[in-house]
1. Give me a count of the residues in the stretch 190-207 that are open to solvent by less than 60 Å² (accessible area, probe 1.4 Å) and not in a helix (DSSP H, G or I).
2. Across the stretch 303-346, what is the total count of residues that are surrounded by fewer than 20 Cβ atoms within 10 Å (Cβ to Cβ) and in a loop (DSSP other than H, G, I, E, B)?
3. Please find, among Tyr250, Tyr263, the residue that is open to solvent by 10 Å² or more (accessible area, probe 1.4 Å), under 30 Å from Leu336 (Cα atoms) and at pLDDT 95 or above.
4. Given the conditions (1) open to solvent by less than 40 Å² (accessible area, probe 1.4 Å); (2) out of contact with any Phe, Trp or Tyr (no Cβ under 6 Å at 6 or more places or on another chain); (3) at pLDDT 95 or above; (4) among the hydrophobic types (A, V, I, L, M, F, W, C), which single one is not true for Val184?
5. Out of (1) at pLDDT 90 or above; (2) within 24 Å of Leu144 (Cβ to Cβ); (3) surrounded by fewer than 22 Cβ atoms within 10 Å (Cβ to Cβ), what's the single condition that is false for Val238?
6. Under 6 Å by Cβ, and 6 or more places apart or on different chains, what pairs join a residue from the stretch 308-320 that is touching a residue at least 24 places away in the same chain (Cβ under 8 Å) and more than 12 Å from His217 (Cβ to Cβ) with one that is open to solvent by less than 10 Å² (accessible area, probe 1.4 Å) and not in a helix (DSSP H, G or I)?
7. Please find, among Phe236, Phe247, Phe197, the residue that is aromatic (Phe, Trp, Tyr) and within 18 Å of the chain's Cα centre (by Cα).
8. Between a first residue in the stretch 264-279 that is more than 14 Å from Asn323 (Cα to Cα) and aromatic (Phe, Trp, Tyr) and a second residue that is open to solvent by 10 Å² or more (accessible area, probe 1.4 Å) and part of a helix (DSSP H, G or I), which pairs have beta carbons less than 7 Å apart while being 6 or more apart in sequence or on different chains?
Amino acid sequence: MMSRRMTTVVRSVTGLMSPRLFSTDAGNGSVIGAMRASAGVIGSEKAVATWWIKSYPVIGARNASTMTLGEKEHNKEEEKTGGGGATAGGQKGKEAVSYWGVQQSKVMKEDGSEWKWNCFKPWETYQADLSIDLKKHHVPKTFLDKFAYWTVKSLRLPTDIFFQRRYGCRAMMLETVAAVPGMVGGMLLHCKSLRRFEHSGGWIKALLEEAENERMHLMTFMEVAKPRWYERALVFTVQGIFFNAYFLAYLASPKLAHRITGYLEEEAIHSYTEFLKELDKGNIENVKAPAIAIDYWRLPADSTLRDVVMVVRADEAHHRDVNHFASDIHYQGLELKDSPAPVGYH
């Protein structure tokens, strides 16, 4: 139960700091005087009230912060101005300070310049193998194969209607879906490995590597195609449906799930081939390759969008082979851990 003195102070605060707050007994007046002096806001009754409410628990409330009013105002100013740090793109931004002593090491490129990407490092880059056979196709024979094949074919029709010849936006949408299977498969294999106390044969890493590679495709095409608001909304819908459907499919039949992904990659190869045809015809401007693509695929500095589409298409062909291979392993009555995973195959 609050004392009469505390009740007087709270009433005074709610009464917009009436003079009664300073007309109490001498003891209470000295407390208020100390409060005003410590807050550094003599003459500001509102600041005194704020200090009192945050420093003393009123009706069970805890201390909200140990930060002074001046520090809070300073922090708000830093938030508005961005804190003065630097981001990967060279823009001003906040710089994280670690209590645990974790420091970001500076990474340098071969030419001595500083590496500017936080999402990947130089040792994660590579040169795409453009010699891979793009025309390979898994002929569906079993019921599950035919189900997977026609499921993917049926998904292509609404995509063609919606995007038509806008292959930049089409590629962006494709990559938001293509990055899901590797993550779902890697996650479920990870949980299975934990439950069974067994190795995965490297397949967890291979599938997560695939998902990350597909995500980098998206980060690249985001620099080329600026999605409209309804295309972004469509991503939410498609990804939400596809993630859950693929998750359930993988739980029910991993060989079906990997076969679906294999056919999805075959469709991706077809889409990027059409993309290249439009570039060659001049219907799509062959702009300079984004900087992120040049560094990720170790492309020449004068590379263009066509060069980017070429390496992305090669990546999709490698993912096609990996997923059809994974499905074949299951068809043979084996588990993925029984065959070494093609880590770094792309």
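The values are calculated or read from the model by the stated rules, or taken from the named source; none is laboratory data. Values in this document were obtained by computation on a predicted structure and should not be read as measured data. Don't worry about glycine lacking a Cβ; one is built from the backbone with ideal geometry, like all the others, and counts go over all protein chains shown. Note: accessible area is taken over every heavy atom of the protein model, side chains too, but ligands, DNA and RNA are not part of it. Shrake-Rupley method; radii C 1.70, N 1.55, O 1.52, S 1.80 Å.
1. Of the residues in the stretch 190-207, the ones open to solvent by less than 60 Å² (accessible area, probe 1.4 Å) are 191-193, 198, 200-204, 206-207.
With the extra rule that they be not in a helix (DSSP H, G or I), the set shrinks to 198, 200-202.
So the count comes out to 4.
2. 11
3. Working: Tyr263 fails: open to solvent by 10 Å² or more (accessible area, probe 1.4 Å).
Exactly one residue qualifies, and that residue is Tyr250.
4. The one condition Val184 does not meet is (2).
5. The single condition Val238 does not satisfy is (1).
6. Filtered contacts from the stretch 308-320: no entries.
7. On the way: Phe247 fails: within 18 Å of the chain's Cα centre (by Cα); Phe197 fails: within 18 Å of the chain's Cα centre (by Cα).
Phe236 is the lone residue from the list that is aromatic (Phe, Trp, Tyr) and within 18 Å of the chain's Cα centre (by Cα).
8. Tyr272/Arg313; Phe275/Tyr167
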